[in-house]
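Each value in this text was obtained by applying a stated rule to the coordinates, not by laboratory testing. Keep in mind that this is a model prediction, so the values were computed, not measured.
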Amino acid sequence: MTEKDFIPDAYSSVINKGKATYKSPSNIALVKYWGKKENQIPANPSISFTLDACATTTTVSYRKLNVKPSDFSFDLIFEGKPKEDFKPKIKTFFNRIEQYLPFLKEYHFSIETSNSFPHSSGIASSASGMSALALCLMEIERELNSNLTADHFNKKASFLARLGSGSACRSIQGDLVQWGDHAGIEGSSDLYAVKFPNEVHPIFKKYHDTILLVDKGQKQVSSTVGHDLMHNHPFAKNRFDQAHENLTKLKLVFASGDLDEFIEIVESEALTLHAMMMTSLPYFVLMKPNTLQIINKIWAFRESSNTHVCFTLDAGANVHVLYPESEKEIVYQFIKDELVAFCENGQYLCDRIGFGAKKM
Ligand code: PMV
């Protein structure tokens with residue numbers, strides 16, 4: 001498919017007003033997307049676990065305007081209050097997607113949105129937020145075009161979400177989602193994410209992610225700045241090649257259920273992401289001392305307990321602690337006894353693998 005396939009033909013119906021609500025989850029990458037080309041095309045393929053509890057719920061109410069205005073017409077309510085400072089991001093998003101949703105200037109939209117996780121938790125809401133909004137807009141398109149197939153709906157929702165925030169394209173479906181062209185994954189695309197199409201061992205069907213909030217502040221480096229750091233980065237080419245190789249290896253691990261191999265790939269990906277930031281210009285250290293304390297504790301506990309707990313990181317100091325369902329009691333006890341002390345105000349979020357966005 002190409003971008004052109006997402007430009008709709010003339011719509012078959014006329015709708016004056018309506019409302020759409022979606023709850024869309026966050027996701028955690030196992031092979032990381034870091035670096036992009038123009039139009040939010042990823043520099044390398046990535047794969048993620050869709051989460052369950054960390055989610056954004058968005059309602060879009062729409063009303064047809066009598067005269068098509070020169071600019072987009074919308075209000076934004078975040079957790080019950082108008083939120084002017086989110087509007088420029090939405091406007092940029094609308095500008096990027098208008099050619100694919102030509103009705104955008106024909107309606108006034110009231111967008112009401114809220115997150116299941118605390119606002120200042122250091123948890124990025126762009127993946128869940130942009131995917132929820134993209135899905136609500138696709139629901140309007142479905143009203144205007146009753147011939148839309150479920151497959152096209154999902155692909156286009158992911159395609160649009162990608163234009164809001166790259167990783168958001170992996171938040172439409174569950175439970176294991178892959179984005180970006182990869183020779184070994186049939187149907188993979190740079191334009192949208194797909195449900196991982198290959199064999200998945202049952203051990204990966206129920207996985208836990210306990211998110212340790214080490215630093216609840218604003219992100220030190222925005223994603224936009226971060227991705228840009230990969231332009232002219234001395235290790236960029238090797239890193240992009242490595243992501244392809246890690247995905248090839250993970251494909252085998254997903255089939256075999258080999259957790260030792262899983263851990264090695266996932267932790268190496270997290271550390272490589274941070275290594276890219278430490279070796280770019282300007283350079284950044286996004287881990288905090290407590291991030292390292294947690295990592296060392298996880299390594300020591302894994303060794304002494306013979307469990308398969310491991311960690312991954314986003315572009316920040318928080319730690320995602322990953323473990324299979326069969327080890328949840330022992331690992332959760334360890335988290336409470338030994339890791340929570342390193343969290344800001346003792347805060348953490350218990351999440352698990354989820355099955356994608358839901359229409360409400
Ligand atoms: O979606 P963005 O542009 O905020 O980038 C997210 C990048 C990482 O979270 C660090 C990695 C990933 O693949 O999700």
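Quick look at the numbers
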quantity	calculated
Debye intensity ratio in log₁₀ form over the Cα atoms of the chain, taken at each q of 0.09, 0.12, 0.13 Å⁻¹	-0.49, -0.87, -1.02
Per-selection Rg to Rh, region 109-257 - Cα, Kirkwood hydrodynamic radius	0.99
Shape of region 205-352, Cα gyration tensor, a/c cut at 1.5	oblate
Sequence-distant aspartates and glutamates (8 or more away, or on other chains) whose Cα lies within less than 12 Å of LYS155	GLU3, ASP5, ASP190
Amide hydrogen neighbours beyond the local backbone of LYS206, cut-off 5 Å, H modeled	GLU325
Karplus (6.51, -1.76, 1.60) ³J(HN,Hα), θ = phi - 60°, over region 218-224, in Hz, Gly and Pro reported as x	4, 4, 6, 10, 5, 4, 4
Cross-link pairs beyond the 32 Å C-alpha cut-off, checked among LYS68/LYS156; LYS156/LYS297; LYS37/LYS195; LYS237/LYS358	LYS156/LYS297; LYS237/LYS358
Between region 300-360 and region 15-71, the Cα center-to-center distance that results, in Å	26 Å
For GLY354, residues with placed amide H under 5 Å, excluding near neighbours	THR50, LEU51, ASP52
Rounded, prolate or oblate (a/c below 1.5 giving rounded, otherwise prolate when a/b exceeds b/c) for region 1-154 by Cα gyration tensor	oblate
13 Å Cα-Cα reach of LYS19 towards aspartates and glutamates, excluding residues that sit fewer than 8 places from it in its own chain	GLU112, GLU139, GLU141, GLU143
Computed [θ] at 222 nm, deg cm²/dmol, the chain (DSSP H ≥ 4; -39,500 (n - 2.57); rounded to nearest 500)	-10500 deg cm²/dmol
Table column - 3J(HN,Hα) (Hz), region 260-265, Karplus curve with 6.51, -1.76, 1.60, x for Gly and Pro	4, 5, 4, 4, 4, 5
